[in-house]
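*Asks:* Below are the structure tokens for one structure; questions will follow.
The values are calculated or read from the model by the stated rules, or taken from the named source; none is laboratory data. All figures in this text were calculated on a predicted structure; none of them were measured in a lab. Ideal geometry is used to build each Cβ from the backbone, glycine not excepted, and the neighbour counts take in all protein chains shown. Ligands, DNA and RNA are excluded from the accessible area calculation, which covers all protein heavy atoms including side chains. Shrake-Rupley method; radii C 1.70, N 1.55, O 1.52, S 1.80 Å.
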Amino acid sequence: MSLIDTHAHLTDNRFAHDLDEVLLRAEESGVRAMINVGYDLSSSRRCVALASKSEMFFAAVGIHPHEAAKVGEQALAQLRQLALGGNVVALGEMGLDYYYNHSPRNLQQELFRRQIRLAKSLSLPIIVHDRDAHEDVLTILGEEGAETVGGVLHCFSGNLNFAARCLSLGFHISLAGPVTFSNSKGLAAVAEFIPSDRLLLETDAPYLAPVPYRGKRNEPAYLLAVAEKVATLRRTTVKELSDCTTENAKKLFKLEIKENIGA
Ligand code: NI
């Protein structure tokens with residue numbers, strides 16, 4: 001069996017002391033590759049650096065909507081330089097966060113649009129963060145023609161209707177720890193509904209650990225718990241689910257994975 005964690009932040013300080021063990025546990029749980037996702041220039045740089053250290057690591061570079069108010073003139077040019085480096089498979093995370101509103105909405109929207117344009121100029125798929133901003137996310141994806149590069153709504157938190165609209169725009173949907181939470185009835189319906197060729201899995205480690213690890217530091221090894229829950233909801237086996245989600249991740253992000261890893 002092989003799983004791909006399509007969204008993790010192993011550059012986080014919480015992994016500084018035991019990254020090697022985290023990787024070992026990931027391999028033991030069948031996770032053969034992971035995409036570390038940047039949320040500002042400095043974390044994006046660290047994602048690229050990490051990707052040069054292990055064949056299990058790929059990188060995404062981007063600026064989170066939380067940072068929109070702090071972004072300097074040169075930020076997009078620097079992001080572009082980083083994206084041209086090795087093992088960068090996507091631009092992100094980018095998007096809108098109307099839950100925390102750490103940055104004014106108009107600045108979040110502007111930064112989101114600029115990063116979509118950059119992704120299109122680089123022909124890289126995008127990793128979208130959406131919290132309480134479904135309508136505006138759809139509007140911007142549509143207006144900017146993001147469909148030409150495609151991408152994923154990461155840690156999906158919408159309902160069936162929103163899922164259907166994201167799918168019709170050509171996007172993938174990625175499920176994370178919250179699908180295992182007992183109060184996630186809406187996500188259970190989404191998990192059942194997503195077509196097999198559009199579904200991805202992720203941990204978003206160190207955040208949002210799935211049941212039975214809820215409340216702890218999350219790590220890629222726990223992706224198996226997400227996969228088990230989603231397989232149950234879809235009335236399929238973990239093996240079949242991992243086969244299709246791994247195939248989807250490889251295709252969307254054009255991952256070149258050494259066959260001997262995690263075998
Ligand atoms: Ni994230």
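*Asks:* For the stretch 133-255, with every protein chain kept in place, what is the accessible area per residue (1.4 Å probe, Å²)? Can you show the working numbers first?
*Replies:* Values: 5040 Å² over 123 residues.
Per residue, the stretch 133-255 has 41 Å² of solvent-accessible surface.
*Asks:* Label the stretch 1-159 by shape, choosing from rounded, prolate and oblate, from the square roots a ≥ b ≥ c of the eigenvalues of the Cα gyration tensor; if a/c is under 1.5 it is rounded, and otherwise prolate applies when a/b is larger than b/c, oblate when it is not. Display every interim value, and only then the final one.
*Replies:* Working: a/c = 1.70, a/b = 1.56, b/c = 1.09.
It is prolate, given that a/c is not under 1.5 and a/b is the larger ratio.
*Asks:* If I ignore ligands, DNA and RNA and count only protein heavy atoms, how much of Arg105 is accessible to a 1.4 Å probe, in Å² to the nearest 10?
*Replies:* 110
*Asks:* Go through 116-129, 183-196, 29-42, 223-236 and give me the packing order, highest mean Cβ count within 10 Å leading. Write down the numbers at each step before the final one.
*Replies:* Numbers: 116-129: 21.1, 183-196: 15.9, 29-42: 23.7, 223-236: 19.6.
Descending packing order for the listed peptides: 29-42, 116-129, 223-236, 183-196.
*Asks:* Which chymotrypsin sites (Phe, Trp or Tyr not before Pro) from the stretch 114-190 combine a DSSP loop assignment with at most 16 other Cβ atoms within 10 Å? Walk me through the numbers before you get to the answer.
*Replies:* On the way: sites: Phe156, Phe162, Phe171, Phe181; in loops: Phe156, Phe171, Phe181.
In loop regions of the stretch 114-190 (DSSP not H, G, I, E or B), the sparsely surrounded chymotrypsin sites (Phe, Trp or Tyr not before Pro) are Phe181.
*Asks:* For the stretch 3-253, give the percent of accessible area contributed by carbon and sulfur heavy atoms, probe 1.4 Å, rounded to a whole number. Please report the intermediate quantities before stating the final value.
*Replies:* Details: 5020 of 10260 Å².
Of all accessible area on the stretch 3-253, carbon and sulfur atoms account for 49 percent.
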